[in-house]
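Novice: Below is a structure I'd like to ask you about.
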Amino acid sequence: MRFPPSATASLLLSLLSPSAAFSSTRRSLALARHATFRHQFAPSSVCASQSSIAFSNQCTKRELLALPLSLRGGTSSSSALMSTATTEEAMVAPREIFRKDYKPLPYKVSNVELSFDIRDGKTVVESLLTVVPGEGDGGKFLCQLFFTAYMSNVHSLVKSDLILDGEAAALNLLSIQLNGKDFTDYKIAGDELVIPASALGDGISKITTKVEIEPEKNTQLSGLYKSGATYCTQCEAMGFRRITFYPDRPDNMAVFDRVRIEADKASCPVLLGNGNKIEEGETEDGRHYAVWQDPFPKPSYLFCTVAGNLESISSSYTTRPSGRKVHLELFSERENISKLGHAMEALKKSMKWDEDEFGLEYDLDIYNIVAANDVNMAAMENKGLNLFNSAWILADPKISNDADYEQVSELLYAIRNVKDEISHSWLIQIESVIGHEYFHNWTGNRVTCRDWFQVCLTLKEGLTVYRDQEFSGDMMNSHAVKRIEDVKSLRGPQFAEDSGPLSHPIRPESYISMDNFYTSTVYSKGAEVIRMYRTILGKEGFRKGMDLYFERHDGSAVTCDDFLSAMADANKVDLTQFARWYSTNGTPTVTVDESRYDADTKTFYLTLSQKSNSDEPLHIPIAVGLLDRNSGKEVLPTTVLDLKEMRQTFEFSEIDGDVLPSILRGFSAPVKLVGSSEDEEQDLAFLASHDTDDFNRWEAVQKLYTNAIFQSLRGEDTSRTMNYIYEAFERSLKLDTDDFSIQAYAMTLPTRSTLEGQMDVADPVGLRHAGKEVMMSIARRFNDQIRDKYTQLTSDMEGKDFAVDAQSIGQRRLRNLMLNYLCCVDETEEEREIASKLAYDQFEASYGMNDKQNALLNLIMMTGEEEKVISRRESAIQIFYDDAKGDQLVINKWFQLQAQEVTLDRVKALSEHEDFSLENPNRCRSLIGAFSANNIHYHAEDGSGYQFLGEMVAKVDKLNPQLSSRLAGGLIKKWSRFPEKQGSLMKAELEKLARIDPISPDLFETVSRGLK
Ligand SMILES: [Zn+2]
């Protein structure tokens, strides 16, 4: 799943203590959520939650307290948990789930038959589960255990009951049958249905349940819900329990033999499921049905069904080496059908790429993708039936941009829930997400995760993100550009997350809520760890490891340790030390302690030391090259050093003449590199000019920009640094190259979030002014050359068809960057006249969305109240809206472009606009999420911006807890990093949110964590 790693990170219990402020409502909500994981992670010999005690009627609180203390618990986590069972307040506190407490299931569902009878306002779901004994004794109820132990003084364990998850608020149970007969000896408590072990015996059982659900009222968009006129599902992570009763955890892999969907034929002509369609037909009263079968066992989070009035485009792909002809079909609402072609091509490219690179072939006869408007995440990899947020799949030059401009792309992070300031083509980004979901078919679906702790790294997101990054690099034909973009996305939100209260290892040891678990660390740093395997083992070694991983684990639910073992065994290397990356949070620092050339021995010495949250050293691959200080020539090409000690010296012999090392080439490890150069800026300027590594050349210039911006922010003299910058900028501007993207990136200032990550106390307003000052100095100095470049690019592009190739995207990127430089000079009336005319001319003449959007943003950002400037701005805003003609994606952009810059009053007015809706996640993020990226007005000194965000989050929470929890990130991530006055205003809004009643568990947990 491509899910936002934005505002909410995993919520680790150690940071969420029981609070006296818990109201009873909050307690029950919190319990309802965390209790759902009870049986998967029940610690042996202790109770998982008070709710199980209450409903089981086998052990009351008083009875529990009457037990001898020795039976109430042991040490460590057990004692912590047991202590929660001794007072009323503690007993209802949210419970931490520990990885080490994983328990296999006592019973497993091996086969499933489902039937959906979809009718307006009422859908009946009938499920037939084949239940077989599992490997584990499961999570035993404390009361059962203690009663057994206490009464009989025998420590043997009773057989566990079968627990099926089912969200009480979503399911209305109509009937249950066991082995074909009506069954009444079950219990329902909270979100669980319990079938006693005594009723099941040791053999195979068949359990039939019939429930009624109401997708039309499901605003959480989890489970079966209605997006516009289309019924669709989202089951990761815990949506399936909102559809039917089931062991809703990833290690229960079952074959869905038969999924029958019946609906009205006129309103829902298309009926889709996972796998292959095996039957279809018509029934009475204009209704029809389809039956789908998925031969591959899968966890419930990969289940999907869709029913709606959709149109489609289709094609086929023949796999190699099997020669299976796969029918490919992409569905959307009729008005969007013409925008699916780009995704279809991307899908075929993905299928071929996975065969070429990893020998992985598609395994079903059908691959369907559905685009829907109301989706919480970007896309979901359901087996054979991907579901996409339409913003991530519909492509058209008129609506899709290249997301060049840093402000815009930074904003896209908030709006689209992308990784960060992804500054390359949005069209390529769509390709990347299509690839991501397709690649999950092997890394996630065929080999899945044993439990949600494993989701983070190998299984499945980190590995799949790494794969989609490589795919995009190949498709763009520029791994350097892709690497720069990926590192920007890592260093923005991930580094910030890892240095704040939300920091956690890529495989956390504990959590509370899975829905809050899709973090930047999970995605971006997880992918970096996979990349380090590749760097250490080499391309062939990595492929050997992947082959062994699939050979060993196809069709299973496994762990990160299994992935590491496959990599180590296939290459016959010891990766024990490397495993520390899995359990170490925070960003490690690598310091260059010594960089010395000894002319007598012709030896160059490089001493590096490392510091991290691990007591023992990490295994860090450091890619290094050496450049001759006189000639600038490379005397040692890229070599990977294995930094495995806390402090380690590397020797390079037979070096003729002093050299300057280019360290951490290609950003070979997710660390902060600290130099020890005598004259750092001079060395940076040298690397900016001579380094053969594209990434490090870019990096050197970024560091110079960063120095200048911070000097300006502190009111210091910037002249020396600016001279180095001018030198590098001029060289880039004059470069005669086809790689326009690399050229543009060399002249692009660091993103705001990257800079913020380097500040102890946040100052977004000051940062914006300092950044503008540096940009304006460059623009004034090179005004003529920049204008010439802009004019030249404009004429080069004239008359050419819009194309989505690396060169065309690069041209647009560079031209828009030139426009940004020209427009940032707006201090006098004359300058504003020139700038606004230039931006307006581009706006009017633009064909693609990228040019149009960037021109509009420049107009919106322009200062000055001259009539002409205002009229150009307002006219462009109106034209943009009119041109959209109601297109949802363009209207989203219209909201977001304004919300990130305009005043709060104007944002409030937009929230009253007829096109605004709190129920659509994309629209909500376009206005509310974008406003929290508004440097000036969101951070107004009177706190009015924070107050607005808080109020909107409270409203959204009533509709969609996943969304409210994420939108609250605008307050949570930041307050502790602000000066006291601003920080306390933000915190006050969080405290208000904590008091709303009722509050969703998602928001409650996020806010509680954020207040720490
Ligand atoms: Zn994914």
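The values are calculated or read from the model by the stated rules, or taken from the named source; none is laboratory data. What you are looking at is a predicted structure, and each value in this text was computed from that prediction instead of being measured. With ideal geometry, Cβ positions are generated from the backbone for all residues, glycine too; neighbour counts draw on all protein chains shown. Quick note on the areas: whole protein, heavy atoms, side chains included, nothing else; ligands and nucleic acids left out. Shrake-Rupley method; radii C 1.70, N 1.55, O 1.52, S 1.80 Å.
Novice: For a Förster distance of 60 Å, can you work out the FRET efficiency between the beta-carbons of ASP569 and ASP905, rounded to the nearest 0.05?
Specialist: So, using R0 = 60 Å, E works out to roughly 0.40.
Novice: What aspartates and glutamates could a cross-link reach from LYS187, if we take a straight Cα to Cα line under 15 Å and drop same-chain neighbours fewer than 8 places away?
Specialist: ASP161, ASP165, GLU167
Novice: Let me know the whole percent of all Cα-Cα pairs from the stretch 534-692 that are separated by more than 21 Å.
Specialist: Roughly 53 percent, once rounded to a whole number.
Novice: Per residue, how large is the accessible surface of the stretch 675-759? Use a 1.4 angstrom probe and give square angstrom.
Specialist: 41 Å²
Novice: While we're here: Note the direction-averaged projected area, equal to a quarter of the hull surface, for the Cα convex hull of the stretch 885-1012, in nm².
Specialist: Computed as one quarter of the Cα hull surface, the answer is 7.2 nm².
Novice: Right, here's the next one. So what's the net charge close to GLY223: Lys and Arg +1, Asp and Glu -1, counting the other residues with Cβ under 9 Å from its Cβ?
Specialist: Within the 9 Å Cβ shell, the charges total +1.
Novice: Over the heavy atoms of ARG258, what accessible area does a 1.4 Å probe trace out, to the nearest 10 Å²?
Specialist: Number for this one is 80 Å².
Novice: Can you give me the distance in nm between label points at LYS325 and ASP202, each placed 7 Å from the Cα along the Cα-to-Cβ direction?
Specialist: Distance between label points: 5.2 nm.
Novice: In whole percent, how big is the carbon plus sulfur part of the accessible area of the stretch 729-857, probe 1.4 Å, protein atoms only?
Specialist: The computed percentage sits at 46.
Novice: OK, next. Enter the accessible area of LYS958 (Å², nearest 10), with the probe set to 1.4 Å and all protein chains included.
Specialist: Ignoring ligands and nucleic acids, LYS958 comes out at about 150 Å².
Novice: Quick one: pull the percent of accessible area on the stretch 234-331 belonging to carbon and sulfur, 1.4 Å probe, ligands and nucleic acids left out.
Specialist: 45 percent
Novice: Please state, to two decimals, what the Cα-based radius of gyration of the stretch 680-788 comes to when divided by 2.2 N^0.38 Å (N = residues).
Specialist: Here the answer is 1.04, to two decimals.
Novice: Could you size up the charge dipole of the stretch 498-657 around its Cα centre, putting +1 on the beta carbon of Lys and Arg and -1 on that of Asp and Glu, and report it in debye to the nearest 20?
Specialist: That gives a dipole near 280 debye.
Novice: When a/c reaches 1.5 or more, the comparison of a/b and b/c decides; with that in mind, is the stretch 538-625 rounded, prolate or oblate per its Cα gyration tensor?
Specialist: Oblate is the answer for the stretch 538-625, as a/c is 1.5 or above yet b/c matches or exceeds a/b.
Novice: Would you work out which of ALA770, MET747, PHE695 lies farthest towards the positive end of the dipole of the stretch 680-784? Charges go on Cβ: Lys and Arg +1, Asp and Glu -1.
Specialist: ALA770
Novice: By accessible area of protein heavy atoms, probe 1.4 Å, what ranking do SER846, SER350 get, highest first?
Specialist: In descending accessible area the options line up as SER846, SER350.
Novice: Got a sec? Charge dipole of the stretch 184-258, +1 on Cβ for Lys and Arg, -1 for Asp and Glu; which of TYR186, TYR231, GLY201 is way out at the positive end?
Specialist: TYR231
Novice: Rounded to the nearest 0.05, what FRET efficiency do ALA168 and ASN276 have when you use their Cβ-Cβ distance and R0 = 35 Å?
Specialist: Efficiency, from the Cβ-Cβ distance: 0.55.
Novice: What nm value, rounded to one decimal, do you get for the distance between SER315 and LYS1012 when each label is placed 7 Å out toward the C-beta?
Specialist: Taking the two extended label points, one gets 4.8 nm.
Novice: Any idea what diffusion coefficient the stretch 260-331 gets from Stokes-Einstein, in µm²/s, Kirkwood Rh on alpha carbon pairs, 25 °C, 0.890 mPa s?
Specialist: Stokes-Einstein gives a translational diffusion coefficient of 178 µm²/s.
Novice: To continue, here is another question. Residues with beta-carbon under 14 Å from that of ALA570, excluding ALA570: net charge, scoring Lys, Arg +1 and Asp, Glu -1?
Specialist: Cβ neighbours under 14 Å give a net charge of 0.
Novice: Under a 1.4 angstrom probe, counting protein chains only, how are ARG872, ARG534 ranked by accessible area, largest first?
Specialist: Descending accessible area places them as ARG534, ARG872.
Novice: Estimate the FRET efficiency between ASP593 and GLU730 by the formula 1/(1 + (r/R0)^6), using the beta-carbon distance for r and 30 Å for R0, to the nearest 0.05.
Specialist: 0.30
Novice: Same structure again: Leaving out ligands, DNA and RNA but keeping every protein chain, what accessible area does THR584 have, in Å² rounded to the nearest 10, with a 1.4 Å probe?
Specialist: 10 Å²
Novice: On average, how much accessible surface per residue is there in the stretch 222-292, in Å², for a 1.4 Å probe, leaving out ligands, DNA and RNA?
Specialist: It amounts to 27 Å² per residue over the stretch 222-292.
Novice: With a 1.4 Å probe and all protein chains kept in place, how do LYS122, LYS611 rank by accessible area, largest first?
Specialist: LYS611, LYS122
Novice: Sort out for me the Cα centre separation of the stretch 757-801 from the stretch 917-944, rounded to whole Å.
Specialist: Centre-to-centre distance over Cα atoms comes out at 25 Å.
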